[in-house]
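Here's the structure we're looking at; comments come further down.
Read the figures in this text as sums done on the coordinates, not as results from a lab. From a predicted model like this one, the values you see are computed outputs, not experimental measurements. FYI the Cβ positions are ideal-geometry reconstructions off the backbone, even for glycines, and counts take in every protein chain you see.
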Amino acid sequence: MELNLEEQTLIAAFRNLDEPGKKELLRHASQQRKTEAEHAGLLFAAGQCGLDGVKPRPESVAEPIFTE
């Protein structure tokens, strides 16, 4: 994967941050992405899809199986 000069600069700056700084930046980016998706009227971020209703699995509802 090739990066342009701006992307390389951002990665270098991120690597120079301390751990709390990295966590704060990642938290902010995650929140920003979520906010943008809400403003666009999308329920899910790009690359994600919703699941249909969760159906009960019969093997988990049945009685426990004991084997000898």
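For the range 12-29, the Karplus equation 6.51 cos²θ - 1.76 cosθ + 1.60, evaluated at θ = phi - 60°, returns couplings of 4, 5, 5, 5, 7, 6, 7, 4, x, x, 5, 4, 5, 5, 5, 5, 5, 5 Hz by residue, with Gly and Pro reported as x. Computed from the C-beta positions of GLN32 and ARG57, the FRET efficiency with R₀ = 22 Å rounds to 0.05.
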